[in-house]
Structures are given as C-alpha cells and as structure tokens.
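Working notes, structure below.
The values are calculated or read from the model by the stated rules, or taken from the named source; none is laboratory data. On a predicted model such as this, the values are computed, not experimentally measured, just so you know. Cβ placement follows ideal geometry from the backbone for every residue including glycine, while neighbour counts extend to all protein chains displayed. SASA here: full protein model, heavy atoms, side chains in, ligands and nucleic acids out. Shrake-Rupley method; radii C 1.70, N 1.55, O 1.52, S 1.80 Å.
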Amino acid sequence: MMRFRIAALAFASVALMPLSGQAAVDTGTLIKKGEYVARASDCMACHTGNDGTPYAGGYAISSPMGAIFATNISPSKSYGIGNWTETQFADAVRKGVSPNGHLYPAMPYTAYAGMSDADIHALYVYMMQGVKAVDRAPKIKTSLPFPFNQRLLMAGWNLMFAGGEPMDAAKTQPGGSQRGEYLVKVLEHCSTCHTPRNAMMAEQNSRFLTGADLGGWHAPNITSDPISGIGGWSREDLINYLRNGSAHGKSQAAGAMAEAVEHSLRFLDDADLAAIADYLKTVPAVRDPSQTEAGFATTNAKPVDIATFDKPIDRSPDAMRNGTSTNGQELYAGACASCHQLKGEGTQDQFYPSLTANTATGGVISENLVMAILHGIHRATNHDVVAMPAFADELNDAQIASVANYVFSNFGNAKLSVTEQQVTTLRNGTGHRPLLVTMAPVASIAGIIFVILIVVGSLFAFTRRKRA
Ligand code: HEC
Ligand code: HEC
Ligand code: HEC
C-alpha cells in the first residue's frame with residue numbers, strides 16, 4: 001500500500017468503492033469477525049473509557065500539541081456513533097473524516113486507510129450490534145491551541161499524507177498472500193509507532209519500521225536487518241514476543257509495546273502471528289551505521305565478582321528515597337538484583353529476564369532501560385501477569401543514571417551511558433518538539449496559505465489528469 005499520495009490521487013480516491021454487495025453471511029458470524037478485526041486493529045487501546053467501559057472514550061493521547069481525547073464510539077445514538085451509516089463510519093476510520101469534522105491523526109486512520117471493504121463491513125456490524133451503547137460523553141473534550149484547533153487544516157494534511165486504497169480483500173483475508181503485510185501495515189498499525197515522522201508529523205515511508213521515538217520510549221528498528229532490526233530473530237522468537245511480549249535471550253515488551261501485546265496481539269491466532277513474523281522478515285533491511293552488533297548479542301562484558309558487593313543497601317522504599325548513594329553497584333544490588341540476580345543473568349526460567357543479551361541494554365538505544373526503571377513494566381499475557389516495579393518515586397535522577405550506567409557497562413553495551421539531565425528529561429516527558437509545533441505561530445498563517453496552495457495545486461493536477 002502506498003501511503004504517501006500525491007494530491008491528485010488523494011483527490012481521486014474520494015470516490016469510494018461501493019461498500020455493499022458482500023455475499024450474505026449470518027450476523028453472528030459477521031459480529032465475531034468484526035470483533036476480531038477490532039482486536040487486531042486495537043480499537044480498545046484508545047477508545048476504552050478510563051473506568052474500563054468498552055468504547056466509552058475519554059483516554060488521553062498525548063501529542064506535542066496537547067492531549068487529544070478518544071471519543072465515545074459505542075452505538076449510543078446520543079453520545080456515540082449509533083446514528084452513523086456504514087459510509088460515514090468507513091470515512092472516519094479510513095480517511096479521518098467524521099460527521100463531526102476532520103479527525104486528528106492520533107486516530108490512526110492513515111494506517112486504516114488500507115482496511116478492506118469486507119473488514120470495514122464486519123467491523124461496522126460488530127460496532128453497531130455487538131457493542132453495548134454507553135449513554136454518556138467522555139468528561140473532557142479535545143481542545144488544542146490555535147492553530148491546531150482548526151480541524152479543517154487536517155484536510156490539507158490529509159491531502160499530502162493520508163489516503164491510499166483499501167487493500168484487496170482476497171489477498172488479505174486469513175491465509176491470503178498479503179495477510180502479514182495487511183496485519184502489519186493496516187490493522188495492527190505497527191508503523192504508527194515504529195516509523196519515524198517528519199517535521200509535519202507524517203510517517204517517513206522511506207524509513208518504514210526503522211525505529212522512532214515515542215513519548216520517551218524508543219520503538220526499535222524492526223526491519224529485517226540482522227544487526228539493527230529483527231533479522232537475527234527466529235520465527236519462533238518473533239511469534240513468542242508478539243504473543244507473550246517476551247523472547248528469551250532477546251527482548252521484553254514494555255511501555256506501549258506491552259499495551260499492544262496485552263490489548264491486541266495476544267488475541268491473534270497462530271496463523272496471523274506467523275504471517276506477521278514472515279512479513280517482517282521481508283521488510284527491506286535498514287542498518288544504523290553506528291551499530292556493529294545486534295542489541296541482543298551482547299555478552300557479559302565485565303563478569304561481576306560477587307565478593308565486591310560488600311554492603312548491599314536495603315531495598316525498602318524509604319531506604320532508597322532517603323539514601324544518597326549514587327554508587328551504581330550498590331543501587332543495583334539493592335534495587336534490581338533480587339529479580340535480575342547479582343550477575344544480571346536473571347532467573348533460570350527467565351521470568352525475571354537476563355540483562356545481558358537484551359535489546360534494552362545492548363544495541364544503541366539508552367532510553368528504554370531508563371524508561372523501564374522509571375515506570376516499571378506491567379503486562380497481562382494469556383497465562384500470567386508480568387510486572388517490574390516503577391522506581392520513579394524511589395530513586396532520584398542521579399541514582400537512576402548511575403544504576404543504568406552500571407547495567408550498561410556490566411551487562412549490556414558498555415559504550416552506552418546516560419546523564420542525570422537525560423533522566424530528568426525522560427521523567428518530565430519533554431522529548432524533542434517537532435518543527436510543526438515550534439513553528440506554530442508562523443504556521444498558523446503559513447498553514448492557511450499552504451492549504452489554499454494545496455487545494456489549488458491538486459485541482460490543477462486533477463484537471464490535467466482528466467484531460468490526459
Ligand atoms: C491510537 C489510538 C486510537 C486507535 C488505536 C483507534 N482510535 Fe479511533 N480515535 C482516536 C482518537 C484520539 C479520536 C478522536 C480524534 C479527534 O478528536 O480528532 C478517534 C476518533 C474515532 C472516530 C470518530 C468519532 C467521532 O465522534 O467523530 C471513530 C469512528 C473511531 N475513532 C473509530 C475507531 C475504530 C473503529 C478503531 C479501530 C479500528 C479506532 N478508532 C482505533 C484514537 C484511536
Ligand atoms: C503503540 C506503539 C507500538 C505499536 C503499535 C507497536 N509497537 Fe512494537 N514496540 C513499541 C515500543 C515502545 C517498543 C520497545 C519496548 C521495550 O523496550 O520494551 C517496541 C518493541 C518491539 C519489538 C522488539 C524489538 C527489539 O529490538 O527489542 C518488536 C519485535 C516489535 N515491537 C514489533 C512490533 C510489531 C510487529 C508491531 C505490529 C504488530 C508493533 N511492534 C506495534 C511500540 C509499538
Ligand atoms: C520485582 C522484580 C524486579 C525488580 C526489582 C526489577 N525488575 Fe527489571 N524486570 C522485571 C520483570 C518481570 C521484567 C519483564 C520481564 C518480561 O517482560 O518478561 C523486567 C524487565 C527489565 C528490563 C527489560 C526492559 C525492556 O524495556 O525491555 C530491564 C532493562 C530491567 N528489567 C532492568 C531492571 C533494573 C535496572 C532494575 C533495578 C533498578 C530492575 N529491572 C528491577 C522484574 C524486576
């Protein structure tokens with residue numbers, strides 16, 4: 001699927017393919033199918049209410065422009081989408097155009113653009129007939145600062161960055177030749193997190209799945225490169241990781257990836273997980289030139305001599321909060337070793353994983369180790385709950401930097417390190433601001449001119465195409 005559309009094509013794609021015409025299937029089967037599509041597309045990750053009510057809306061998605069709140073998409077006629085036709089629903093999901101105005105791309109319609117007509121139909125039937133109506137509005141509505149509150153600006157953005165045709169239903173249904181590609185690009189929208197964005201906040205298609213920053217975490221390169229990506233993972237590793245969030249001796253899923261596993265990936269059937277794994281192996285390899293060894297290939301650089309742990313500190317919250325030690329080894333012994341073991345090898349069954357041969361400590365990215373220490377890990381799988389405590393309240397930034405540096409230099413990539421300042425930045429969640437936001441005041445005027453130019457430009461392209 002080509003995501004970057006030139007204006008003319010985006011214009012042409014406005015002529016939607018007819019949505020009706022599917023062969024008669026009984027409603028129960030359609031609802032089941034629609035529910036699976038909803039799981040695979042992870043609609044509940046964002047649309048679940050803050051109290052856990054399905055599709056009630058209210059969950060805040062932080063964007064550099066401010067929080068964007070997911071809406072009530074239950075079939076409530078007053079507060080949800082109960083009155084919507086299938087065409088209106090399809091336009092919202094695939095094009096970001098709702099009867100209430102243009103949507104912000106916090107709703108991943110750029111990925112869903114490729115959703116097949118058959119899946120949209122099943123999803124619609126499920127949303128209308130398989131979901132309970134929630135008759136209340138989310139407490140807070142989105143209100144971004146000017147100019148971002150001008151939803152019409154999104155029309156210009158869409159012309160440049162959104163669009164794309166639905167993928168062919170025959171090839172994308174279970175067992176179809178493009179099933180894996182469809183799951184990765186469209187339903188599971190892996191690239192919304194794993195592909196870096198440009199200054200206009202659109203995914204850079206030339207860097208598809210090469211890794212991107214995400215609210216402090218870094219969604220790693222998952223192209224087929226054996227050093228920077230997943231080329232060195234076996235099919236089994238990938239399937240285990242996607243289903244359970246853990247591939248022993250390689251990686252564990254924390255942050256947003258833990259959520260993707262918990263809410264979506266663990267519900268996929270074996271054939272679909274295998275299709276994703278097989279497709280990832282075909283994604284063109286892109287290597288970070290600064291990387292010479294796979295993140296999971298690190299060996300225990302400086303084997304720890306247990307005798308050097310002369311005074312392990314007490315791992316009670318008070319002892320650490322009041323403790324002034326910034327000795328990485330002491331902190332490691334007090335805060336981490338009870339689970340990951342003094343030599344960092346983890347437990348035998350790897351329920352508490354090894355910190356060597358681990359992409360969070362090897363490789364070229366330091367953020368994920370710091371974020372895991374700050375925020376901990378919580379992930380429900382199909383058979384248990386995986387949890388690592390958060391240390392944000394127990395350790396200060398200097399202590400987190402020193403324990404992280406101890407882990408890097410002893411168990412992971414010894415060339416990695418973090419400063420206290422970097423930990424503070426990650427704690428406060430102030431990452432890089434995209435150009436779009438920094439330039440907001442200029443953009444408010446430029447944006448309008450820009451939109452006019454695009455519309456005029458695309459009309460021009462459109463008429464030329466018609467004449468040709
Ligand atoms: C990553 C988060 C996220 C995911 C995943 C997601 N949505 Fe959304 N969705 C949003 C946000 C945020 C909005 C509101 C955007 C805005 O205000 O512009 C939204 C808006 C919508 C709307 C428009 C509602 C209205 O009243 O205008 C519909 C319909 C919708 N989503 C359906 C879905 C469906 C169906 C799925 C799964 C296929 C889904 N969404 C997955 C975040 C998400
Ligand atoms: C909501 C954002 C998000 C989505 C969607 C997402 N990921 Fe991730 N992914 C992440 C983050 C963040 C990490 C890093 C997690 C960590 O360090 O524990 C990650 C880690 C991974 C890893 C481990 C890589 C490594 O080197 O350790 C793999 C493999 C992966 N994701 C594959 C996928 C696939 C395949 C999809 C789609 C089916 C997907 N992800 C969807 C955010 C996401
Ligand atoms: C109570 C047990 C426990 C303690 C204490 C603990 N961890 Fe963990 N840690 C875990 C578990 C459980 C996981 C996730 C395992 C999984 O996903 O399968 C984990 C995962 C990790 C990961 C992988 C994160 C990622 O993004 O992939 C790193 C790195 C890590 N821990 C480092 C540390 C450090 C450093 C400390 C001390 C500051 C620490 N842990 C303390 C239990 C613990």
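Some observations on this one:
- When residue 318 is tested against (1) farther than 30 Å from residue 414 by Cβ; (2) surrounded by 15 or more Cβ atoms within 10 Å (Cβ to Cβ); (3) modelled with pLDDT under 95, just one condition goes unmet, and that condition is (2).
Residue by residue, here is whether (1) within 16 Å of ligand 3 (Cβ to nearest atom); (2) modelled with pLDDT under 90; (3) hydroxyl-bearing (Ser, Thr, Tyr) holds:
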site	(1), (2), (3)
1	no, yes, no
13	no, yes, yes
23	no, yes, no
33	no, no, no
52	no, no, no
69	no, no, no
80	no, no, no
108	no, no, no
112	no, no, yes
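- The helices (runs of 4 or more DSSP H) falling completely within the stretch 325-414 that include 1 or more residues that are more than 22 Å from residue 299 (Cα to Cα), modelled with pLDDT under 95 and more than 27 Å from the chain's Cα centre (by Cα) map to 328-335.
- When the test is whether a residue is of a type outside the set (A, V, I, L, M, F, W, C), at negative phi and within 16 Å of ligand 2 (Cβ to nearest atom), residue 79 does not pass it.
- Considering 45, 56, the condition of being assigned to a loop (DSSP other than H, G, I, E, B), of a type in the set (A, V, I, L, M) and either open to solvent by less than 40 Å² (accessible area, probe 1.4 Å) or outside the structural domain of residue 116 (by TED's automatic domain parsing) (or both) is satisfied by 56 alone.
- All conditions in (1) within 16 Å of residue 363 (Cβ to Cβ); (2) near ligand 2 (Cβ under 10 Å from one of its atoms); (3) open to solvent by less than 30 Å² (accessible area, probe 1.4 Å) hold for residue 223, with the sole exception of (2).
- Check on residue 77, open to solvent by 40 Å² or more (accessible area, probe 1.4 Å), out of contact with any strand residue (DSSP E or B) (no Cβ under 6 Å at 6 or more places or on another chain), among the charged types (D, E, K, R) and assigned to a helix (DSSP H, G or I): no
- The residue that is modelled with the highest pLDDT, counting only those in the stretch 260-301 that are under 19 Å from the mean Cα position of the chain (by Cα) and surrounded by fewer than 18 Cβ atoms within 10 Å (Cβ to Cβ), is 267.
- Among the residues of the stretch 219-261, just one is without any contact (Cβ under 8 Å) to a residue 12 or more places away in the chain and within 12 Å of ligand 3 (Cβ to nearest atom), namely 240.
- Residue count for the stretch 378-412 satisfying the condition of being crowded, with 20+ Cβ neighbours inside 10 Å and within 13 Å of ligand 2 (Cβ to nearest atom): 3.
- If you go through the stretch 201-210 and pick out every residue that is free of Cβ contacts under 8 Å to residues at least 60 places away in the same chain and either assigned to a strand (DSSP E or B) or among the small types (Gly, Ala, Ser) (or both), you end up with 1.
- Cross-chain or 6+ apart pairs with Cβ under 7 Å, the stretch 26-51 first and over 22 Å from residue 71 (Cα atoms), then open to solvent by 40 Å² or more (accessible area, probe 1.4 Å) and more than 10 Å from ligand 1 (Cβ to nearest atom): 27/129
- Unique residue being closer than 30 Å to residue 202 by Cα, away from ligand 1 (no atom under 16 Å from the Cβ) and touching a helix residue (DSSP H, G or I) at 6+ places or on another chain (Cβ under 7 Å) when the list is 355, 426: 426
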